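Here the structure is laid out as structure tokens; the discussion comes afterwards.
The values are calculated or read from the model by the stated rules, or taken from the named source; none is laboratory data. Predicted model, so just to flag it, every value in this text is computed and none were measured. We place every Cβ from the backbone using ideal geometry, glycine too, and count neighbours over all the protein chains shown.
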Amino acid sequence: MIEFAFNRIAELKEKNRLASAADMTKVVNSLVDYFGSKIIPVTEIRSKMLYDYEKYLRQAREIERPDQLVTPIPELSRD
């Protein structure tokens, strides 16, 4: 599923739809953080998982994303 998303992000960037690509990148990064893996089988996406994911999104958490120089930059999630 994540590989498909990265391919879609690349397509959006090629079409200069940078805002859409940025939004989708945020969603993909969030899912990778939640599952702790870049491999997420579609069969894992169920209603209980979606409720648990919503709870996860509502928690305060610190996230590190590399900048363009691959230096980790901490970010604080919104409450």
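Among the residues of region 1-42, the ones that are of a type in the set (A, V, I, L, M), surrounded by 15 or more Cβ atoms within 10 Å (Cβ to Cβ) and within 15 Å of the chain's Cα centre (by Cα) come to 10 in all.
Mind checking which residues of region 55-71 are surrounded by 10 or more Cβ atoms within 10 Å (Cβ to Cβ) and either at pLDDT 85 or above or not charged (D, E, K, R) (or both)? Within region 55-71, Tyr56, Leu57, Arg58, Ile63 qualify. Within region 23-52, residues that are under 19 Å from Leu12 (Cα atoms) have Cβ atoms under 6 Å from residues that are of a type in the set (Val, Ile, Thr) and part of a helix (DSSP H, G or I) in these pairs: Met24/Ile9; Thr25/Ile9, counting only partners at least 6 apart in sequence or on another chain.
In region 7-30, which residues are in contact with a helix residue (DSSP H, G or I) (Cβ under 7 Å, 6 or more places away or on another chain), closer than 23 Å to Glu62 by Cα and among the hydrophobic types (A, V, I, L, M, F, W, C)? Result: Ala21, Met24, Val28. Report, by residue number, each residue of region 1-44 that is among the polar types (S, T, N, Q), at pLDDT 95 or above and part of a loop (DSSP other than H, G, I, E, B). Residue satisfying the conditions is Asn16 alone.
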